[in-house]
Amino acid sequence: MGAAPRADGSQGAPPRAVVVGGGISGLCAALELRRAGLDVTVLEASDRWGGCLGVHEVAGLALDSGAESFATRTDAVRGLLEELGLGGDVVAPHPSGAWVQLPGGAEELPKAGVLGIPSNPWDPEVRSVLGLWGAVRASFDLFLPVPAPRAEASVADVVRARMGRRVLGRLVTPVVGGIHSADPALLDIDMVAPGLRALMTEHGSLGRAVAAQRARSGAARGAKAGSAVGGLRGGMNRLVTALVARLADDGAALVSGQRAERLDRLERGWRIGTEASDGSASGSLEAELVVVALGGPAAVELLSDAVPELAGREPVPGPEVKLVTLVLDKPELDARPRGTGVLVAPQAPGIRAKALTHATAKWGWLADEAGPGTHVLRLSYGRAQDSATAALVREPETDDELFRAALADASALLTVPIGPDDVLGWDVVRWEGALPFATVGHRERVAEIRRLVALQPGLAVVGGWAAGNGLESVVPDARAQARELSARMT
């Protein structure tokens, strides 16, 4: 790539940029900075790239250890995959859809919803879940006046007011818990469902807003719940491999095992103090641009030296998510007894998992790799709850506890007895604070943090805590922030 022009228009050595953090947001930011002609270095404290996209081997199968799909409400992720030569390997899940486990048993998740919020409470699948009086209450949404949006509102506040407690408890709570690992009473609706309140004001009801948002995202009419996602043949971890290879080919310096410990303002640019993750050595880098791509609390802690106004503004860290993967010899599961998986209402008795993904039922390529009768299940544990809900269920903690819980939960959720003798291999992966915890008011806090950071020349922050949960939020945000930062420099 050619050298970027200096401020006076002459050509010279390109400006230097350092990206702190080698997760997906950091790698995407680095891709844009390098494309703009900057000299880019990416620092990653661990020995692994990709953040919450990873791979592990279980029973001889290379499986995603983190995110295994992406929402298709925008073209951002698909566009990136196509840029990296992976567009031809994008796949859709099996159309059988997902289920929800309720206190009274399992039901198919209704189609045409957003975060479990139905567009039409009288759809047969919705009425089956809600019951007659639940559907009647939900239909009040069409006639209630739409108030001016408050500055802050939780998902639970909006759903309860518009559609009632049964929609909240039987549809929204299990879906939000499965996606965001949190109770909807704790989450800012503008972060986890951006644009939905504005559509509600525009269309006059929450149900119509859901229908409009699905129409804008191109969701297929009648598509099953859980099908508005895409995956990658071979696993989403291939995105990391392709990003790292592209950056290396483009001349970016990828430095793992180096932790950024301090950020200081220079007369022109920044100094990043570094230390080897094993404590063996320390040093520093200087750059005109710095993109901090760490988790929210770590990002604010690092930036507080250079931007003292950030002190005390650390976002709330998300819950620890524990993912148990089971590889089973269980031909009885060939029938997909619960479609592509099950989301669990917290009140469902005896179930401690918040969600189960039947990965070989969901992805045809994985079923082909595993072979006949072999099945891959992913059960996730860890949900931020209010005190009343948390008292209902004790979370399993040790790997052995999680393994035993996963066998029991999978047996109950799939209605097929599963025991240790059926297990070909298993693994537990823990993600500490990997999910952004978008509590009520989080959007305003993020906006203020970014405003304070933007006042500093050559500085930006990216990551899921700032952009929102999921690759479909993280990828376009990181790229846009990096483009804006490099445009200001050049």
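With the helix formula -39500 (n - 2.57) applied to DSSP H stretches of n ≥ 4, the chain reaches a computed 222 nm mean residue ellipticity of -10000 deg cm²/dmol.
Summing charges over neighbours of residue 365, with a neighbour being any other residue whose Cβ is under 14 Å away from its Cβ, gives -2 when K and R count +1 and D and E count -1. All alpha carbon pair distances within region 218-339 were sorted into 5 Å bins beginning at 0; the resulting P(r) in whole percents reads 2, 7, 10, 12, 14, 14, 11, 9, 8, 6, 4, 2, 0, 0. Surface analysis of region 249-397 yields an accessible area of 42 Å² per residue, using protein heavy atoms and a 1.4 Å probe. Its Cα centre serving as origin, region 402-490 has a Cβ charge dipole (Lys and Arg +1, Asp and Glu -1) of approximately 600 debye. Electrostatic tally near residue 237: other residues with Cβ closer than 13 Å to its Cβ, Lys and Arg +1, Asp and Glu -1, net -1.
Here the spin labels are modelled as points 7 Å beyond Cα on the Cα-Cβ line, and at residue 139 and residue 233 they lie 4.7 nm apart.
Measure nothing fancy, just the Cα-based angle from helix 442-454's long axis to the longest principal axis of the chain, in degrees from 0 to 90, nearest 10. Helix 442-454 sits roughly 10 degrees off the main axis of the chain. Loop-located chymotrypsin sites (Phe, Trp or Tyr not before Pro) across region 123-154 with a Cβ neighbour count of 15 or fewer within 10 Å are 143, with loop assigned by DSSP.
Estimated at 0.36 nm per residue, the fully extended path between residue 399 and residue 128 surpasses their Cα-Cα distance by 93.8 nm. Per residue, the average separation of C-alpha pairs within less than 8 Å and at least 6 apart gives the chain a relative contact order of 23 percent. If you wrap the tightest convex hull around every Cα atom of region 68-207 and split its volume per residue, you get 128 Å³.
Would you work out if region 285-395 is rounded, prolate or oblate? Take a ≥ b ≥ c from the square roots of the eigenvalues of the alpha-carbon gyration tensor; rounded if a/c is under 1.5, else prolate when a/b is larger than b/c, oblate otherwise. Cα axes put region 285-395 in the oblate bin. When only Cα pairs below 8 angstrom with a gap of at least 6 residues are kept, region 53-153 shows a relative contact order of 10 percent. When peptides 374-383, 260-269, 278-287, 299-308 are sorted by average Cβ neighbour count within 10 Å, with the highest value leading, the order is 374-383, 299-308, 260-269, 278-287.
With R₀ fixed at 22 Å, the C-beta to C-beta distance from residue 483 to residue 264 puts the FRET efficiency at about 0.30.
Take every DSSP beta bridge whose two residues both sit in the chain; close to 70 percent of them are antiparallel. Extension gain, residue 450-residue 305: 0.36 nm per intervening residue step, less the Cα-Cα distance, totals 50.6 nm. A cut-off of 5 Å between modelled amide H atoms, ignoring neighbours fewer than 5 places along the same chain, links residue 58 with 63.
Calculated on the Cα set of region 443-487, radius of gyration then Dmax: 10.4, 29 Å. For region 105-185, the share of alpha carbon pairs falling in successive 10 Å distance bins from zero is 19, 52, 26, 3 percent. Between 167, 191, 201, the Cα set farthest toward the positive side of the dipole of region 158-201 (charges on each charged residue's Cβ, about the Cα centre) is that of 167. Size of the chain from its Cα atoms: along the principal axes, largest to smallest, the extents are 71, 57, 42 Å.
Nonpolar atom fraction for the chain, defined as the carbon and sulfur part of the 1.4 Å probe accessible area, stands at 51 percent. Between residue 198 and residue 256, the modelled label-to-label distance comes to 4.0 nm, taking each label 7 Å out from Cα in the direction of the beta carbon.
The angle between the Cα long axis of helix 237-249 and the main principal axis of the chain comes to about 10°, on a 0 to 90 degree scale.
Once C-alpha pairs closer than 8 Å and six or more residues apart are averaged by separation and normalised to the residue number of region 19-87, the relative contact order reads 24 percent. Assuming a ≥ b ≥ c are the square roots of the Cα gyration tensor eigenvalues, decide whether region 46-150 counts as rounded (a/c under 1.5), prolate (otherwise, with a/b larger than b/c) or oblate. Prolate, since a/c reaches 1.5 and a/b exceeds b/c. Approximating the spin labels as points 7 Å out from Cα along Cα→Cβ, the residue 334-to-residue 58 distance works out to 2.2 nm.
Once the C-beta distance of residue 277 and residue 216 is scaled by a Förster radius of 35 Å, the resulting FRET efficiency is 0.20 to the nearest 0.05. A 1.4 Å probe run over region 154-197, with the rest of the protein chains in place, finds 25 Å² accessible per residue.
The values are calculated or read from the model by the stated rules, or taken from the named source; none is laboratory data. Owing to the predicted nature of the structure, the values given are computational and were not obtained by experimental measurement. Note: ideal-geometry Cβ built from the backbone for every residue, glycine included; neighbour counts use all protein chains shown. For the accessible areas, the whole protein counts, side chains as well, though only heavy atoms, and no ligand, DNA or RNA atoms are used. Shrake-Rupley method; radii C 1.70, N 1.55, O 1.52, S 1.80 Å.
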